[in-house]
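The values are calculated or read from the model by the stated rules, or taken from the named source; none is laboratory data. Owing to the predicted nature of the structure, the values given are computational and were not obtained by experimental measurement. Neighbour counts are summed over all protein chains in view; Cβ atoms, including those assigned to glycine, are modelled from backbone coordinates with ideal geometry.
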């Protein structure tokens, strides 16, 4: 009987933290693919690599905030934290894309071999 008294809150805490833990492989994949595309630099030689690396870094840079949001909404009664977590990450990645485009001087950068329409 005492096991369920302790295990119930711990299981709820574990479920709350799973939202933030699920984001970490996405950041690793973004950065891994970015560095695979441009292994010599941080996306300096490839625009796609720069966006991928910066997007993954944005997630990792804000991991503390992501854990805080996931924990707060996961422990809420309705446990509807997935939408809030996605709502935070989406604009953050968009901000990184806009910053990379601003640094490159244009948001309409063509990849090698593409034709302008």
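With respect to residue 23, determine if the residue is at pLDDT 75 or above, over 21 Å from the mean Cα position of the chain (by Cα) and part of a helix (DSSP H, G or I). Walk me through it before giving the result.
Numbers: at pLDDT 75 or above: yes; over 21 Å from the mean Cα position of the chain (by Cα): no; part of a helix (DSSP H, G or I): yes.
So residue 23 does not fit the description; no.
Would you point out the residue of segment 85-107, among those that are over 18 Å from residue 27 (Cβ atoms) and at pLDDT 70 or above, that is surrounded by the most Cβ atoms within 10 Å (Cβ to Cβ)?
101
For segment 22-31: of the residues being farther than 14 Å from residue 93 by Cβ and in contact with a helix residue (DSSP H, G or I) (Cβ under 8 Å, 6 or more places away or on another chain), which is surrounded by the fewest Cβ atoms within 10 Å (Cβ to Cβ)?
The selected residue is 28.
Here's the yes/no breakdown for (1) in contact (Cβ under 8 Å) with a residue 60 or more places away in the chain; (2) part of a helix (DSSP H, G or I); (3) crowded, with 21+ Cβ neighbours inside 10 Å; (4) touching a helix residue (DSSP H, G or I) at 6+ places or on another chain (Cβ under 6 Å):
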{"site": "33", "(1), (2), (3), (4)": "no, yes, no, yes"}
{"site": "36", "(1), (2), (3), (4)": "no, yes, no, no"}
{"site": "39", "(1), (2), (3), (4)": "no, no, no, no"}
{"site": "44", "(1), (2), (3), (4)": "no, no, no, no"}
{"site": "49", "(1), (2), (3), (4)": "no, yes, yes, yes"}
{"site": "55", "(1), (2), (3), (4)": "no, yes, yes, yes"}
{"site": "60", "(1), (2), (3), (4)": "no, yes, no, yes"}
{"site": "66", "(1), (2), (3), (4)": "no, yes, yes, yes"}
{"site": "73", "(1), (2), (3), (4)": "no, yes, no, yes"}
